[in-house]
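J.: There's a structure below that I have some questions on.
The values are calculated or read from the model by the stated rules, or taken from the named source; none is laboratory data. Note that the structure is a prediction, hence the values are computed from the model and not measured. Cβ coordinates were reconstructed from backbone atoms using ideal geometry, including for glycine residues, and neighbour counts include every protein chain displayed. Ligands, DNA and RNA are excluded from the accessible area calculation, which covers all protein heavy atoms including side chains. Shrake-Rupley method; radii C 1.70, N 1.55, O 1.52, S 1.80 Å.
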Amino acid sequence: MRGKAVAVICCLALLVGCEGCGVLKEGPQRERQSQQGQSSQQGERIASSLKDYARSLLDSDGGKISDQQKFALEKAASGGKVSQADYERAWADCKQCIVDKGYAEPTFDKYDNGIYALPSYNTDGASKEAVSKLNDDLYSCSTLHVTDVNTVYRLQLGNPELLLDDREVAG
């Protein structure tokens with residue numbers, strides 16, 4: 001059962017923790033990466049600006065995000081940034097969604113830079129179906145309330161130039 005807990009943690013880390021890096025997010029940049037053969041050239045960007053990137057997320061929404069997340073992205077598309085208040089609200093909405101699905105109120109992990117991440121859940125002794133439901137519910141709440149806002153917020157903090165090449169971002 002410990003393996004299931006690790007699997008859940010890894011999935012959640014990829015779902016929420018890495019989306020700001022721009023490599024797991026579906027949409028326009030995923031198409032560009034495929035066209036590039038999974039590599040990027042020096043100086044290549046995810047989008048020309050955070051405004052344009054937020055607009056592309058809105059355009060590819062497909063009705064899968066909450067009105068609040070949409071509102072925060074619209075503000076970012078016009079102002080170029082997700083405010084800390086909108087970021088906090090998105091995570092509060094995600095928390096409430098998780099509670100509404102019947103789980104205990106989660107305490108999100110918060111890093112020194114203000115970035116949140118879903119906590120790990122102990123699934124020891126849980127059935128395969130229960131673990132699958134947990135994963136589905138966490139994915140649903142994250143997608144609906146926080147995924148795109150989290151992506152833009154993380155980019156504006158850690159990669160404001162929107163560089164595709166992780167080596168350039170780190171350098």
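J.: Identify all residues within the stretch 53-95 that are charged (D, E, K, R) and within 12 Å of V152 (Cβ to Cβ); write none if there are none. Explain how you work it out, then say what you get.
T.: Looking only at the stretch 53-95, we keep the residues that are charged (D, E, K, R), and these are 55, 59, 61, 64, 67, 70, 74-75, 81, 86, 88-89, 93, 95.
Correct list: R55, E74, K75, K81, D86.
J.: May I pose another question? Return the pairs, sorted by first residue and then second, in which the second residue is among the aliphatic types (A, V, I, L, M) and modelled with pLDDT of 75 or more, the first residue lies in the stretch 160-171 and is farther than 14 Å from L50 by Cβ, the beta carbons are less than 7 Å apart, and the residues are 6+ apart or on different chains.
T.: Note: pairs meeting the criteria are L164/I46; V169/L163.
J.: What's the number of the condition R89 fails, among (1) more than 12 Å from A72 (Cβ to Cβ); (2) without any contact (Cβ under 8 Å) to a residue 40 or more places away in the chain?
T.: (1)
J.: Just give me the residues in the stretch 106-158 being acidic (D, E), open to solvent by 20 Å² or more (accessible area, probe 1.4 Å) and in contact (Cβ under 8 Å) with a residue 40 or more places away in the chain, in sequence order.
T.: D124
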